[in-house]
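J.: Sharing a structure with you now.
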Amino acid sequence: MGRYELVRSDDAPAVAADLEAGTAAPCDGYPKRRVFTPSPSPSPAPASTRYRQRLVSLDVFRGITVLLMIIVDDAGAFIPAMNHSPWDGVTVADFVMPFFLFIVGVALALAYKRVPDKLDASRKALLRALKLFCLGLVLQGGFFHGVRSLSFGVDLQEIRLMGVLQRIAIAYLLTALCEIWIRGDEDVDYGYDLLKRYRYQLFVGAVVAITYMSLLYGTYVPDWEYQTSAPGSTEKHLFVKCGVRGDTSPGCNAVGMIDRKILGIQHLYGRPVYARSKQCSIDSPQNGPLPSDAPSWCQAPFDPEGLLSSVMAIVTCLIGLQYGHVIVHFQKHRERMMNWLIPSFSMLVLAFAMDFFGLHMNKPLYTLSYTLGTAGAAGLLFSGIYTLVDIYGYRRPTVAMEWMGMHALMIYVLIACNVLPIFIHGFYWKEPKNNLLKFIGIGA
C-alpha cells in the first residue's frame, strides 16, 4: 500500500524507557537507536537533522500475521485448532484476515497524514486497489490448477471473482477514500477529540455495520437448487429448502444468497468451509465422506470472501484507521497505549457478550461480533508489539518478522498462493516427478 513514514527529531537524548516522555532506550546487545517519537521540544527540528523511518512495530505485526498465515495453511490439515472454524466460533486461523485488514487501516492513517491533492490521492488509491484486485483474480480465480498439474488457464464463465486480495482491495479503497475526503480539522488534545475530528468516518462505519446487520437478518432467503458432479459420476441436482428470514446456518443465510444472485454460483469458491462440519463430514472437523443424513447444501459452493461479508471487512479496516490516528495525533507512549487499550478491551467484551446472547462469532459470514472480537485482539497484539519494539527497543528478536512484514505481499504471492512451489515443480528431468525438489532430496 502507500508508504507509512514518520518524521522525528534526531537530537532526542537516549534515556531509559519512559511512557510519559515517549522516549526509549535501546536493549543491551543491539546498536543504539531512538524511536520515532519527536523531541519534547515544541519547535520543529532543522530539516538537516530530520529523517524518515518506518513504524517498526507495524512491520513486525504484519510479519507475524504472514507467518501465522503460512503456519495455519500447512498445519491446519493436522491440527484442528489451527484450521478455520467449520462455521460458528473462531480458531487461530480466523484471525489472519482481520489482522491484515486492521494493519491496512493503521498504515493508511500514516500514509495519508498529509494530503495536498485529494483528487490525485484518490486516483492513486483507485489504481492500487485495481492492481490488487486483478492480482487476486489471477492468483485465486482458478488460473493455476495446482502445484503438480503443470497446467494453467481458467474458463471466464467459472472464474472465482472474490478472494483474499480482492477483499483487501475493496476495504483499502473505501477506507482510503474516507481518510482522504471525510475527516475534520479540529485540534486533538484528548481521546474524545479524536471522536470529534473523525466523527464522519465513525458514522460511515456505523452505517456500514447497520446495513450489513439489516441485510443479514432482514433478507428473505427462498428455496434454491444447484448442480454438482464428481469425477466419474453423473451430474446431480440438489434442492435446498429455506424460505426463511434471518437464518445464519450454512444453507440459508443471506450472505450466500446475495453472492449466488449477484456473482453467480459458478463464480463462488467450490470447497466451502462448512464441508468440514459435523453435518457434512464423518471426519469433522476435517474433510471426509458425507454422512448418510447429510443436508443437501453440504456440497454447495460458498465464498468465504463474498460481497456482503466483505462489507464488514471495511469496518475492520476503519477500526485500524482510528488506531493509526492515535499515532498521528499523540506524541507520548502513555497516551497512545491508553487510547489503544481501552477500545480494544471494550470491543472484546462487547464481542463476547454478543456471542453469548446468540450473535455468534462467524468468520464466513463476518458477523459483527467476529468483527469486534478480532479487531479488539488486533489492537491488543499491536499494543504489545509496539511496547516491546518501539518503546523498549527489542528489535533483534523480531528482525525476521520485520523483514517478512516489509515484503508481505511478495511472500503471500510466492508461498501462500503456491507460485513458488509451482515454479519449482515446473523444472524436471524427463518426467514431472523428477523435479528440483527430488534433486535436492526433499522429494516430489
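J.: Under 5 Å between amide hydrogens, which residues at least 5 positions from ASP88 or on another chain qualify, with H placed 1.01 Å from N in the peptide plane?
T.: Under 5 Å from the amide H of ASP88: no residue qualifies.
J.: If you take the beta carbon distance between TYR190 and SER296 as r and set R0 to 56 Å, what does 1/(1 + (r/R0)^6) give as a FRET efficiency, to the nearest 0.05? Before the final figure, lay out the partial values.
T.: Details: r = 56 Å, r/R0 = 1.00.
With R0 = 56 Å, the Cβ-Cβ based efficiency is 0.50.
J.: By its C-alpha gyration tensor, with a ≥ b ≥ c as the square roots of the eigenvalues, how is region 288-438 shaped: rounded for a/c under 1.5, else prolate for a/b larger than b/c, else oblate?
T.: Numbers: a/c = 2.87, a/b = 1.24, b/c = 2.31.
Because a/c hits 1.5 or more and a/b fails to exceed b/c, region 288-438 counts as oblate.
J.: Right, here's the next one. List, in order, the whole-Hz ³J(HN,Hα) value for each residue of region 391-403 obtained from phi through the Karplus relation with A = 6.51, B = -1.76, C = 1.60 and θ = phi - 60°; use x for Gly and Pro.
T.: These are the phi-based 3J(HN,Hα) values: 9, 9, x, 7, 9, 4, x, 10, 5, 5, 5, 5, 5 Hz.
J.: While we're on this one: Provide the per residue accessible area, probe 1.4 Å, for region 298-405, rounded to a whole number of square angstrom.
T.: Per-residue value: 34 Å².
J.: Using θ = phi - 60° and the Karplus form 6.51 cos²θ - 1.76 cosθ + 1.60, what ³J(HN,Hα) does each residue of region 312-321 get, whole Hz, x for Gly and Pro?
T.: Coupling constants for region 312-321: 6, 4, 4, 5, 4, 5, 5, 5, x, 4 Hz.
J.: Still on this model: Of the options GLN266, PHE239, ILE210, report the single residue whose Cα projects farthest towards the positive end of the charge dipole of region 199-295 (beta-carbon charges: Lys, Arg +1; Asp, Glu -1).
T.: Farthest towards the positive pole: ILE210.
J.: Fully extended, how many nm does the chain gain between LEU215 and ALA75 (0.36 nm per residue separation, minus their Cα-Cα distance)? Working shown, then result.
T.: Values: separation 140, 0.36 × 140 = 50.40 nm, distance 3.52 nm.
Difference between extended and current length: 46.9 nm.
J.: Which residues' amide hydrogens lie under 5 Å from the amide hydrogen of LYS433, considering only partners 5 or more residues apart or on another chain, with H built in the peptide plane?
T.: Residues meeting the criterion, in which the H sits 1.01 Å from N, do not exist here.
J.: Which chymotrypsin sites (Phe, Trp or Tyr not before Pro) in region 254-360 pass both tests, a DSSP loop state and at most 16 other beta-carbon atoms within 10 Å? Numbers along the way, then the final one.
T.: Details: sites: TYR269, TYR274, TRP297, PHE302, TYR323, PHE330, TRP340, PHE345, PHE352, PHE356, PHE357; in loops: TYR269, PHE302, PHE330, PHE357.
The qualifying sites are PHE357.
J.: Another question, if that's okay. Assign one of three labels to region 253-299, namely rounded, prolate or oblate, based on the Cα gyration tensor with a ≥ b ≥ c the square roots of its eigenvalues; rounded applies when a/c is under 1.5, prolate when it is not and a/b is larger than b/c, and oblate otherwise.
T.: prolate
J.: Evaluate the distance, in nm, between pseudo-label points positioned 7 Å from the Cα of LEU380 and of ALA353 along their respective Cα→Cβ axes.
T.: 1.7
J.: Excluding residues on the same chain fewer than 8 positions from LYS236, give the aspartates and glutamates whose Cα lies under 16 Å from its Cα.
T.: GLU225
J.: To the nearest 20 debye, what is the magnitude of the charge dipole of region 98-192 about its Cα centre, counting +1 on the Cβ of each Lys and Arg and -1 on the Cβ of each Asp and Glu?
T.: On the way: 11 positive and 9 negative charges, 86 e Å.
That gives region 98-192 a dipole magnitude of about 420 debye.
J.: Still on this structure, I have one more. Using the structure shown, list the pairs from LYS113/LYS196; LYS113/LYS363; LYS241/LYS278; LYS118/LYS363; LYS241/LYS363; LYS118/LYS196 with a Cα-Cα distance above 29 Å, or answer none.
T.: On the way: LYS113/LYS196 17 Å; LYS113/LYS363 32 Å; LYS241/LYS278 19 Å; LYS118/LYS363 34 Å; LYS241/LYS363 24 Å; LYS118/LYS196 21 Å.
Correct reply: LYS113/LYS363; LYS118/LYS363.
J.: For a Förster distance of 45 Å, can you work out the FRET efficiency between the beta-carbons of LEU68 and PHE152, rounded to the nearest 0.05? Spell out each step's value before the answer.
T.: Values: r = 29 Å, r/R0 = 0.64.
That pair, LEU68 with PHE152, gives E of 0.95.
J.: With r as the distance between the Cβ atoms of LEU409 and ILE182 and R0 = 30 Å, compute the FRET efficiency 1/(1 + (r/R0)^6) and round to 0.05. Can you show the working numbers first?
T.: On the way: r = 27 Å, r/R0 = 0.92.
Using R0 = 30 Å, I get an efficiency of 0.65.
J.: Still on this structure, I have one more. In what sequence, highest mean first, do 99-108, 61-70 appear when ranked by Cβ atoms within 10 angstrom?
T.: Details: 99-108: 26.6, 61-70: 21.0.
Descending packing order for the listed peptides: 99-108, 61-70.
J.: Compute the separation of the alpha-carbon centres of region 350-428 and region 312-330 and state it in Å as a whole number.
T.: Their Cα centres are 16 Å away from one another.
The values are calculated or read from the model by the stated rules, or taken from the named source; none is laboratory data. Since the structure is predicted, the reported quantities are computational estimates derived from the model, not experimental observations. Neighbour counts run over all protein chains shown; Cβ positions are idealised from the backbone, glycine included. These area figures cover heavy atoms from the full protein model, side chains too; ligands, DNA and RNA do not enter into them. Shrake-Rupley method; radii C 1.70, N 1.55, O 1.52, S 1.80 Å.
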